[in-house]
1. Got the relative contact order for the chain handy, in percent, Cα pairs under 8 Å and 6 or more residues apart?
2. With the convex hull built on the Cα atoms of the chain, state its orientation-averaged projected area in nm².
3. Please sort through the DSSP H helices of the chain and keep those with an alpha-carbon extent of at least 27 Å along the long axis and a Kyte-Doolittle average not below -0.5.
4. Name the long-range amide H neighbours of LEU244: under 5 Å, sequence gap of 5 or more, or other chain; modelled H, no Pro or chain starts.
5. How big is the gap, in Å, between the Cα center of the stretch 272-311 and the Cα center of the stretch 104-139?
6. Hey, how much of the P(r) for the stretch 135-203 falls beyond 20 Å, as a percent of Cα pairs?
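Computed from the coordinates by the stated procedures, all read-outs in this text should not be read as laboratory data. Worth saying up front: this structure is predicted, and the values here are computed from it rather than measured.
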Amino acid sequence: MTLDPKRTAFVFPGQGSQVVGMGKALAEKHPEARRLFEEVDALLGFSLTRLCWEGPDGELADTFNTQPALLTHSVAAWRVLTDALGGFQPLCVAGHSMGEFSALVASGALPFPDALRLTRERGRVMSGAGKTTPGGMAAILNCPAAVLEKLCVQAAQETGGIVGVANDNCPGQVVISGEDRALARAMALALQSGARRAVRLHVSIGSHSPLMKEAALEFARAVNAAPLADPRMPLIGNVGAAPLRTSDALRDDINAQLTSPVRWVESVRAMQALGADTFIELGSKDVLTGLIKRIDPAVRAMAAGSPEEIRSVLGV
């Protein structure tokens, strides 16, 4: 496989892709990955490395830890792959939800230590929001996002609560988010409208919804103080699903992200419109690889989070 920088997009996973053992094989094989994990432990003042590699799973799944863990693994994989390719620079980058911070690092818009601090802070304010404005999320299968948007409006009106589309992941898989009563009503309406399944996710946070308003305001203080620069290549933002080319545009997208839907289908289409037909997922698991193949089965999509996967991408 030969990667053409004019046709390749790098994408970075978000929460839900964490798994005990993440990054261990990569760090054992590649010194630059091990150095990054050691740097993270020093910056945080505790061994995130041990948590990533040994667990326990419940502690790793705490959003306060999950977000810096995913960032670390993604950036480690990105460094290993780009070093092997001689400083390869893709056509564009994007990240799903929290993965946008990995994309910021890969685009040269944000130094890694600052991205680490932001993801830690993002996890903190989100965890706090789960206590002050509790909610939930649910995956709806085989119900179009446009239909779900109308059903969420109906559910909100009937219950007097908050619920809306949170993630338009791929055809046939949309996630909704909001207050419990409104969320339950939207799930019921989706099933009545022909959805194949409506599955409540194991989270107590209504991410990417108005429930995150206070958390977003608190997080904005950290974002506004961060040393963002113009990216070296376009970054497709979650909120606008369009190329972001300036630091101001990046800051606006990040500040709006917690309360806005992740428009992943449109983001992939935006990368294709720029000329991308090859997508490399850098980090834990292969969730985005699967979503992208469902969005367009004709594209090439590969995960590159382990030594074996990276060798495959390199054609070794």
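1. Computed value for the chain: 24 percent relative contact order.
2. Averaged projected hull area, Cα only: 14.8 nm².
3. Those that clear 27 Å and a mean of -0.5 are 63-84.
4. Amide H to amide H, under 5 Å and 5 or more residues apart or across chains, LEU244 pairs with LEU235, ILE236, GLY237.
5. After rounding, the separation between the Cα centres reads 23 Å.
6. Of the Cα pairs, 12 percent sit more than 20 Å apart.
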